[in-house]
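The values are calculated or read from the model by the stated rules, or taken from the named source; none is laboratory data. Keep in mind the model is a prediction, meaning the values are calculated, not measured. Using ideal geometry, Cβ is built from the backbone for each residue, glycine included, and neighbour counts are taken over all protein chains shown. What goes into the accessible areas is simple: the full protein's heavy atoms, side chains included, and nothing from ligands, DNA or RNA. Shrake-Rupley method; radii C 1.70, N 1.55, O 1.52, S 1.80 Å.
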Amino acid sequence: MTYFFKDAYFYQHGQFVRGDYFLSDGILFSSFEGAVSITFENVYIFPGFADVHVHLREPGFSYKETIASGSAAGARGGYVHLCAMPNLDPVPDCLSHLKEQQILIGRDALVQVHPYGALTVGEKGEKIAALEELAKDVIAFSDDGKGVQNPALMKEAMQRIAALDKVLCAHCEDESLIQGGYIHDGEYADCHGHIGIPSASEWRPIERDLALARETGCAYHVCHVSAKESVQLIREAKKQGVNVTCETAPHYLTLCDADLKEEGRFKMNPPLRSAADKQALIDGINDGTIDMIATDHAPHAAEEKAKGLKGSLMGITGLETAFAVCYTELVKTGIITLEKLIELLYENPKKRFGIGKEPVIGEKATLTVFDLSKNYTIDPTLFLSKGKATPFSGKEVFGECLLTVMEGKAVYEKYSL
């Protein structure tokens, strides 16, 4: 198969270079004399994206998602690197548990799947996991899904992870402040009789952890930032030289609690917060406080998301909608540039986690190709992911993935499916 990208925009070293490009036998060329199978015009050739925060649910919860279905969804979204969180069964808190996940990855993954190691045994927050044993085989360490409540335990984890030269990725949530809450503690909760989750449940653990990161020198990464106070704390810590990065998700940048409906597809953790919080996140993207966009792709079975805001499990799917939503809502509206979006989806994950590589002329390619002029309506029934719950169902977006290639092999082709 030979693809001809006519008048394409090829991302190279932070900018787009327009020209003709060919992909033949997985190798990228700037000229080609053989037969062409498919011609695409005016498309954009990006490095394959990296998502540093996904839940692939396997082993343990394959009815929600599998390595195969989740990596297929990632490829369709333009992702070639997926960092898989450890809330699994068994939890990868030691090498023998991790090996069960590694076997599935080796057998079924269409793209590069990088497992996280757990911070604590069983993610119970009581005893530090076998960090030294796991270090060479995991992308980083996290207890995502649960916040580490004990500051002494977190300090010990940071000290040991710093010694291993790894990154600690924190789900920041003070459980003592939740008190049964399940959406943001704001106007919508007040008006509709729901129990709210205060923003302090997020920013207070961040405040604690930033002090510990400063003390220990640990490379600290904050997961799914949603609150304006969190953004400000991280901004100040960066100015003070703390080794901290952070992520937010497409839904926090484009939705707020005013957009809520009484449906489980609007329920996630942390919750959609206020319009002021959303604006603070956008400001944090623009001034470099927020380093990357991650999906927090968290699929559930249909019945688990069919119980409204109160009864549904927390989590939504995101891999197949992330680029289009961000391009439509952030780039086309002039909030950020396309180059900035690629920085958030590729450049900064590569810098922090060491994953990703720009495609090079004459070499086996890892890339994704999008038609940015294509508009369509998001239809979750067409998702490759097992999870269909998305707050973006029915939304009209621009930016369709045509092709994703991993190390010379096409892992998603729109016109071959």
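Brief remarks on what is shown
- Inter-label distance, residue 360 to residue 301: 4.8 nm, where each label sits 7 Å from its Cα along the C-beta direction.
- For the chain, the carbon plus sulfur part of the accessible surface works out to 48%, probe radius 1.4 Å.
- Mean projected area of the Cα convex hull of segment 107-256, taken over all directions, amounts to 10.6 nm².
- Loop-located chymotrypsin sites (Phe, Trp or Tyr not before Pro) in segment 25-85 (DSSP state not H, G, I, E or B) with no more than 14 neighbouring Cβ atoms inside 10 Å: 63.
- Between the residues 71, 118, 154, the greatest Cα displacement towards the positive end of the dipole of segment 57-186, with unit charges on the Cβ of Lys, Arg, Asp and Glu, is found for 71.
- Looking at segment 124-227, the GluC sites (Glu not before Pro) that sit in a DSSP loop and have at most 12 other Cβ atoms within 10 Å of their own Cβ are 126.
- This model, with +1 at the C-beta of Lys and Arg and -1 at the C-beta of Asp and Glu, gives the chain a dipole about its Cα centre of some 180 debye.
- Angle of helix 151-164 to the longest C-alpha principal axis of the chain, folded into 0 to 90 degrees and rounded to 10: 40°.
- Which labelled figure in (1) 21.6; (2) 22.8; (3) 18.5 is mean projected area of the Cα convex hull in nm², once derived from the coordinates: (3)
- Taking Lys and Arg as +1 and Asp and Glu as -1, the other residues whose beta-carbon sits under 13 Å from that of residue 280 total -1.
- Among the listed pairs 64/351; 238/340; 261/395; 305/414, those whose Cα-Cα separation exceeds 25 Å are 64/351; 305/414.
- Only beta bridges with both residues in the chain are counted; by DSSP, about 50 percent of them are antiparallel.
- Residues whose placed amide H lies under 5 Å from that of residue 411, excluding near-sequence neighbours: 404, 405, 406
- Mean residue ellipticity at 222 nm, helices only, the chain: -7500 deg cm²/dmol; runs of at least 4 DSSP H residues each add -39,500 (n - 2.57), and the sum is divided by the number of residues.
- Listed residues 327, 13, 232: farthest to the positive end of the dipole of the chain (Cβ charges): 13
- Cα long-axis angle, helix 275-286 against the chain (0 to 90 degrees, to the nearest 10): 50
- The angle between the Cα long axis of helix 228-239 and the main principal axis of the chain comes to about 80°, on a 0 to 90 degree scale.
- Neighbourhood net charge (10 Å Cβ-Cβ; Lys/Arg +1, Asp/Glu -1) for residue 184: -3
- Rounded to the nearest 20 debye, dipole of segment 271-394 from Cβ charges on Lys, Arg, Asp, Glu: 320
- Dipole of segment 288-417, positive direction: furthest Cα of 360, 297, 411, with charges on the beta-carbon: 297
- Computed with a 1.4 Å probe over protein heavy atoms only, the accessible surface of the chain comes to 38 Å² per residue.
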